[in-house]
Amino acid sequence: MVELELQSVILDPVSKSPVVILKKKDSDEVLPIWIGNFEAQGIAMKLENYEPPRPMTYDLLKNILTTLGAFVERIVINDLKEGTYYAQIHLILGNNRYVIDSRPSDAINLAIRTNAPIFAEDKVFEESSIPMGGEREEREERKEDEEMKKLKEWLENLRPEDFEKGESS
C-alpha cells in the first residue's frame, strides 16, 4: 500500500469539477480524484480551518464515532472500476475491526477530521498516479507546469464560499 497526504482541492479548468490531489509521501507522484462540489466544500473548509457554527455532515459523523468510542484507523482507496474509485474506511470499535465501503471523497473528509492516514492500494496508485516531477519531455513539462501553476494559483485563492450553491466560477 502507498501512503498518501492530502495536498489540495483544485478545480479542473476544463470540466470545472473539483479534484482532490493526494500526494504520495516522500515522492512527487500524485493521485487526482474528481469529486462532487459538496464533498470538495467539506475538504476545503477543513483545509482552511473554517469551523461552521453547527456541525456539517462530516463533523456529525466524526462526533457520532467519537461518542461511540470508535476510532478511524485508516482509509484505503482500494479499487478503480470503469473510471470510478472505491474506498474503505477501517474502523476499530472495542475489540472489533470494521471495514466500511465508501466513496473516496467521503472517506477523505472523515480522515482529515479524525487525523486518520490515507492509503491507496499499489495497483490503484500505479494505474492512476501522475508524476509531478522527474523525467518528462521539455514541451510536456512546460505545458503541465503552466497548468499546475494555474491550479496552484486558484487553490491559494480558494475560499469555502467558492463552493456554495448558486455561485459559478
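The values are calculated or read from the model by the stated rules, or taken from the named source; none is laboratory data. Small disclaimer: the values here were computed from a predicted structure and weren't measured. FYI the Cβ positions are ideal-geometry reconstructions off the backbone, even for glycines, and counts take in every protein chain you see.
Here the range 104-133 is the region considered, the condition is being assigned to a loop (DSSP other than H, G, I, E, B) and more than 18 Å from ILE64 (Cβ to Cβ), and the residue that is farthest from the chain's Cα centre (by Cα) is GLY133. For the range 39-83: of the residues being acidic (Asp, Glu) and either out of contact with any Lys or Arg (no Cβ under 9 Å at 6 or more places or on another chain) or not in a strand (DSSP E or B) (or both), which is nearest to ASN95 (Cα to Cα)? Going through the qualifying residues, I end up with ASP59.
THR84 meets the stated requirement of being free of Cβ contacts under 8 Å to residues at least 24 places away in the same chain and either touching a strand residue (DSSP E or B) at 6+ places or on another chain (Cβ under 9 Å) or of a type in the set (Ser, Thr, Tyr) (or both). Of the residues that sit in the range 81-138 and are at pLDDT below 95 and acidic (Asp, Glu), which one is surrounded by the fewest Cβ atoms within 10 Å (Cβ to Cβ)? Taking the candidates together, the pick is GLU82.
Being of a type in the set (D, E, K, R) and touching a Ser or Thr at 6+ places or on another chain (Cβ under 7 Å) is a condition met by at least one residue of the range 55-70.
Determine whether the range 24-37 contains at least one residue that is among the polar types (S, T, N, Q), closer than 20 Å to SER129 by Cβ and part of a loop (DSSP other than H, G, I, E, B). Yes: the range 24-37 contains one or more residues that are among the polar types (S, T, N, Q), closer than 20 Å to SER129 by Cβ and part of a loop (DSSP other than H, G, I, E, B). Flag set for LEU47, criterion: among the hydrophobic types (A, V, I, L, M, F, W, C), in contact (Cβ under 8 Å) with a residue 60 or more places away in the chain and surrounded by fewer than 19 Cβ atoms within 10 Å (Cβ to Cβ).
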